[in-house]
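To start, the structure itself, in structure tokens.
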Amino acid sequence: MNTPAISMADLRLTFHGAARQVTGSCYLLETRGGRLLLECGMFQGPPATTERNRLDFPFDPRSLAAVVVSHAHIDHSGLLPKLVRAGYTGPIYLTPPTHDLLELLLKDAAHLEMKDTQWENKRRQRAGKRLLEPLYTLEDVERVLAMRRPLPYAELAQPLPGVQLRFHDAGHIIGAAIVELGLDTRDGRRTLVFSGDLGNRYSPLLRDPERLAHADVLLLESTYGDRDHRSLPDTLAEFRQALQAAARSGGNVLIPSFAVGRTQDILYWLGRFHREGDLPQSRVFVDSPMAIEASEIYVRHAKLFNRDDPDFNRLIGHGWQAWLPCLSYSRSTEDSMALNQVQGAIIIAGSGMCEGGRIRHHLKYNLWKRDTHVIISGFQPRGTLGRRLVDGARRLSILGGDIAVRATIHTLGGFSAHAGQSELVEWALGLQPARPRVYLVHGEVEAMTALRERLLAQRMQTEIAEPGATIAL
Ligand code: ZN
């Protein structure tokens, strides 16, 4: 394809989501060669935020020539079926692991959307209100899946005339990418880099976010722009202590966990403890069909893992049980219910914030027992059941039951799939010789403000992306 003779002024980018917030990632790139949508994420959180998922897209989906998605998390990919329903028919570029995870996550999202809409419509029917259509259905998801174009890290694609696309490992979840877009103009090549979600350098499975040498414009995530995480050695020491305390009491250990990323990190550490003769429990259950499937997808792409632990890399090709022999998967509802009878075991189940999924059944069956230990390994937003546990609630209403909380609750601060403030700054400074213009995205305002100050102090020109704002590249 010929490079169109476009000038820099013809290149524009509009922030349609994840601007001054952490969900709904969506950026529209316009060139003379066509329009490209970078991310198509769902807005998540309280109703005032999720209402935005129901609005029409602020652009015509039929006018897009290509879509690029950095990783499979729903806040980056969850509105793809809606985009297709609204008329988009072109390719969707993503990495091979994202190709696999997307099917798992979008089918789950469609299923939840159908259930939520049914529930809401019952309420509306009683109130004599207009009924809602689901945002999308499984058929829309199937159409998205047929439009996936896998592109491995480091390889080049040309989604539009005069636009080169390359993915780099972001180390956040398996397949997560930093997106590099080379834009040809008559005045030379412009490079737009989107960090995607950047991983934590202490991830036991994934590589560190790849360092890029050059960008003219950088869109930088800022989820933890205002703080660093607790150190990994401290977090692991706490994790071991919690498991030991549970073993002394003889009760179960419940670990609410996200299906993608956190579950696999936990399985890694439990296997490590086991190999060091330091895992007091003799049975570990993953009680979540989605986490089981995600764990299998991780194994399928094991060649992308880091090489820090030769033992692990040798064994994981044979599956998670080769690494952690006392691991069992609970796939069916019957398998899950059978866990009500176990004692002294570790049970990992979703959801990570205890708002849904099978963990609620285990909490109902175990929280009132003094010998139970609950290990909270991720951030719990206000208003969630997980947060009330962390805040020391003495009684909780779970699945229609009034449950006394007598269990011991442990909170681990250091497991995170995101880079902390210092890592974000260090990574951005890797681009320093070229001095990119930085736009902060994917963060709350306080986090963005703190990160902006740190970057300005390093003489990097930094702005907070405004919702709906358009910039020239
Ligand atoms: Zn993410």
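The values are calculated or read from the model by the stated rules, or taken from the named source; none is laboratory data. In this text the structure is predicted, and so the values were computed from the model without any measurement. Every residue, glycine as well, gets a Cβ built from its backbone with ideal geometry; the counts of neighbours run over all protein chains shown.
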Picked from the stretch 98-120 (must be away from the ligand (no atom under 16 Å from the Cβ) and of a type in the set (A, V, I, L, M, F, W, C)), the residue modelled with the highest pLDDT is Ala110
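So, in the stretch 67-97, how many residues would count as being within 16 Å of the ligand (Cβ to nearest atom) and of a type in the set (A, V, I, L, M)?
Residues meeting the conditions: 7.
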Checked Ala407, Ala345, Ala447, Ala393 against criteria (under 21 Å from the mean Cα position of the chain (by Cα) and surrounded by 14 or more Cβ atoms within 10 Å (Cβ to Cβ)); the one match is Ala447
Any hit, the stretch 141-150, residues being closer than 22 Å to His214 by Cα, assigned by TED's automatic domain parsing to the domain that holds Thr14 and either part of a loop (DSSP other than H, G, I, E, B) or charged (D, E, K, R) (or both): no
Over the stretch 171-228, the set of residues over 24 Å from Ile316 (Cα atoms), among the β-branched types (Val, Ile, Thr) and part of a loop (DSSP other than H, G, I, E, B) is Thr223
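To keep it simple, each residue is scored yes or no on (1) crowded, with 18+ Cβ neighbours inside 10 Å; (2) over 23 Å from the mean Cα position of the chain (by Cα); (3) within 23 Å of Thr98 (Cα to Cα).
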| site | (1), (2), (3) |
| --- | --- |
| Phe312 | yes, yes, yes |
| Gly317 | no, yes, yes |
| Ala322 | no, yes, no |
| Ser328 | no, yes, no |
| Ser332 | no, yes, no |
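Could you check how many residues of the stretch 358-376 are in contact with a helix residue (DSSP H, G or I) (Cβ under 6 Å, 6 or more places away or on another chain) and within 28 Å of His229 (Cα to Cα)?
Looking only at that region, the number is 4.
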Filter the stretch 247-279 for residues that are without any contact (Cβ under 8 Å) to a residue 60 or more places away in the chain and of a type in the set (A, V, I, L, M, F, W, C); the one that is nearest to Gly319 (Cα to Cα) is Phe273
How many residues of the stretch 428-465 are acidic (Asp, Glu), part of a helix (DSSP H, G or I) and modelled with pLDDT under 95? The answer is 1
Gly350 passes all but one of the listed conditions (1) touching a Lys or Arg at 6+ places or on another chain (Cβ under 9 Å); (2) over 26 Å from Gly45 (Cα atoms); the exception is number (2)
Scanning the stretch 53-66 for residues that are touching a residue at least 40 places away in the same chain (Cβ under 8 Å) and over 24 Å from Leu132 (Cβ atoms), the one nearest to the ligand (Cβ to nearest atom) turns out to be Ala66
Scanning the stretch 250-284 residue by residue, those hydrophobic (A, V, I, L, M, F, W, C) and either under 18 Å from Gln380 (Cα atoms) or outside any helix (DSSP H, G or I) (or both) turn out to be Val253, Leu254, Ile255, Phe258, Ala259, Val260, Ile266, Leu279, Val284
Residues of the stretch 163-174 being away from the ligand (no atom under 11 Å from the Cβ) and in contact (Cβ under 8 Å) with a residue 40 or more places away in the chain, in sequence order, are Val163, Leu165, Phe167, His168, Asp169, Ile174
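So that you can scan it fast, the table gives a plain yes or no per residue for (1) of a type outside the set (A, V, I, L, M); (2) in contact with a Leu (Cβ under 6 Å, 6 or more places away or on another chain):
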{"site": "Arg20", "(1), (2)": "yes, no"}
{"site": "Thr23", "(1), (2)": "yes, no"}
{"site": "Gly34", "(1), (2)": "yes, yes"}
{"site": "Leu37", "(1), (2)": "no, yes"}
{"site": "Cys40", "(1), (2)": "yes, yes"}
{"site": "Pro47", "(1), (2)": "yes, no"}
{"site": "Thr50", "(1), (2)": "yes, no"}
{"site": "Phe59", "(1), (2)": "yes, yes"}
- Answer with yes or no whether Leu183 is more than 16 Å from the ligand (Cβ to nearest atom) and under 14 Å from Val69 (Cα atoms). no
Filtering helices (runs of 4 or more DSSP H) wholly in the stretch 51-140 for at least 2 residues that are among the aliphatic types (A, V, I, L, M) gives 80-85, 96-126
Within the stretch 31-51, the residues that are surrounded by 15 or more Cβ atoms within 10 Å (Cβ to Cβ), under 24 Å from Leu138 (Cβ atoms) and of a type outside the set (Ser, Thr, Tyr) are Leu37, Glu39, Cys40, Gly41, Met42, Phe43, Gln44
